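Only the coordinates and a few stated rules stand behind these numbers; no lab work does. All figures in this text were calculated on a predicted structure; none of them were measured in a lab. Ideal geometry is used to build each Cβ from the backbone, glycine not excepted, and the neighbour counts take in all protein chains shown.
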Amino acid sequence: MKTPFKILLSLTTLLFLFSFKTEPKPTKHVCTNTWGFFGHKRINRMAVFSLPPELFSFYKRNIEYITDHAVDPDKRRYAMKGEAERHYIDIDHYVKEGEDPFKVVPKKWEDAVAKFTEDTLKAYGIVPWHIEVMVKRLTKAFKTKNLDRILQYSAELGHYVGDAHVPLHTTENYNGQLTNQKGIHGFWESRIPELSAEDYNYWLGKCTYEADPLEVAWRVVKESAAEVDSVLSFEKKLTEEWPEDQKYCYEHRGQVIMKVYCKDFAMAYQKMLGNMQERRMRGSIITTASLWYTAWVNAGQPDLSNLNGEISDEMKKEMERNDQYFKQGKALGRDFEN
Ligand SMILES: [Zn+2]
Ligand SMILES: [Zn+2]
């Protein structure tokens, strides 16, 4: 062949999810591309439209920021130790077969630390607790009417809420590495939404006030964990039924040919899951809006109509730094896509 195409399985190209590396244990899970960058951005953007009128105009004015920065936490893990574990919780790590992890793992951080130690919690992920932390941070930012922080924490809260909605963010078998299904992580959360998210229904009505954000975070994690079995077993079933060359295809991406899950295989999987990705994405959107709204109410419903400025230079520099690390970087922690 004269063409310069080559097959390249890039360490940073997340869509293409074939993972053959053995993972040390315990590992840390780095979300190289939860929901795909595309999915996270879509979640934050659509959440704006579920806000009540008092908040809608502020978020609408800042919708580009909220959209673009939905992926900052994934970028930041290149620069910051301690970031990786905020994106997941391997809830099944804590139990033996037949036990209910949601009875075993205490809901409150202090109780969980007392039972399992902080190091262990961090090794297996802290997403529900971090969502609560982010709601508190956002509340404080609203109270002080700090534009930089309101925007930053809103965008980031949407990210963690989105991550908590992904079933494979709640299990040690996060990339099917324990069941010979490596690649399933990106397949579920990136490949499928990229193929079909334009067809999802994003109209969700208005969000609600949540009196207990930590409880909300746990509910989301519990729903996600309940789907893990289907996520894994349906892919396994299809793999047994479909010939290999109909499961994996090659697609041109610029000058490169990539090995990807075939579109028909992806659609069959999505159908078998009863459009789970759409359901979880819708859940992410409404929960994000509800927690933004909750933080604002808890801050005393400050008037944001004159908060019109731009983000500070300092904040812009911080964002540039993250971008640089991201472009150069190798993630700190678990890297399941490769
Ligand atoms: Zn993430
Ligand atoms: Zn992920």
**Asked** Net charge near GLU278, counting Lys/Arg +1 and Asp/Glu -1 over other residues with Cβ under 15 Å of its Cβ?
**Response** 0
**Request:** Using a Gaussian network model of the chain whose springs link C-alpha atoms within less than 10 Å, name the residue from TYR261, TYR250, TYR153 with the highest mean-square fluctuation.
**Result:** TYR250
**Request:** Please go through the residue pairs LYS107/LYS271; LYS41/LYS317; LYS75/LYS108 and name each one whose alpha carbons sit more than 26 Å apart in this structure.
**Result:** LYS107/LYS271; LYS75/LYS108
**Request:** Report the extension gain between ARG279 and GLN324 in nm, rounded to one decimal, defined as 0.36 nm multiplied by the number of residues separating them, less their alpha carbon distance.
**Result:** 12.8 nm
**Prompt:** Within the chain, what percent of beta bridges assigned by DSSP are antiparallel, to the nearest 5?
**Reply:** 65 percent
**Asked** Assigning unit charges at the beta carbon (Lys, Arg +1; Asp, Glu -1) and nothing else, what dipole magnitude in debye, to the nearest 20, does segment 171-210 show about its Cα centre?
**Response** 80 debye
**Asked** Between LEU307 and ASN201, how many nm apart are label points set 7 Å from Cα along the C-beta direction?
**Response** 3.3 nm
**Message:** Only counting other Cβ atoms within 10 Å, I'd like MET281, MET80 sorted with the fewest neighbours first.
**Reply:** MET80, MET281
**Asked** Could you put TYR269, TYR325 in order, starting from the residue whose Cβ has the fewest other Cβ atoms within 10 Å?
**Response** TYR325, TYR269
**Item:** Magnitude of the charge dipole, the chain, Cβ model with Lys/Arg +1 and Asp/Glu -1, debye to 20
**Value:** 560 debye
**Request:** State, as an integer percentage, the relative contact order of segment 6-315 based on alpha-carbon contacts under 8 Å between residues 6 or more apart.
**Result:** 29 percent
**Asked** In a shell of Cβ-Cβ distance under 13 Å around ASN308, excluding ASN308 itself, what net charge do Lys and Arg (+1) and Asp and Glu (-1) give?
**Response** +1
**Message:** Cβ neighbours within 10 Å, averaged per peptide: list 204-212, 291-299 in order, most packed at the top.
**Reply:** 291-299, 204-212
**Message:** What does the extension gain come out to for GLU99 and LYS122, with contour length at 0.36 nm per residue minus their alpha carbon separation?
**Reply:** 6.1 nm
**Prompt:** For a label point 7 angstrom out from the Cα of GLU251 toward its Cβ, which stretches of segment 172-204 have the backbone nitrogen within less than 18 Å?
**Reply:** 183-200
**Message:** As a footprinting exposure proxy, order TYR59, TYR200 by other Cβ within 10 Å, with the fewest listed first.
**Reply:** TYR200, TYR59
**Fill in**
Checking GLY309, GLY125, GLY82 against a Gaussian network model of the chain (alpha-carbon springs below 10 Å), the top fluctuating residue turns out to be GLY309
**Asked** Highest GNM mean-square fluctuation, the chain, Cα pairs closer than 10 Å: which of LYS236, LYS317, LYS222?
**Response** LYS317
**Message:** Applying a 10 Å radius around every beta-carbon, put 66-76, 129-139 in order of their mean neighbour count, most first.
**Reply:** 66-76, 129-139
**Request:** Could you point to the residue in LEU304, GLY186, PHE265 farthest towards the positive end of the chain's charge dipole, with +1 and -1 charges on the Cβ of Lys/Arg and Asp/Glu respectively?
**Result:** LEU304
**Summed residue charge, Cβ within 13 Å of LYS317's Cβ, Lys/Arg positive, Asp/Glu negative** = -4
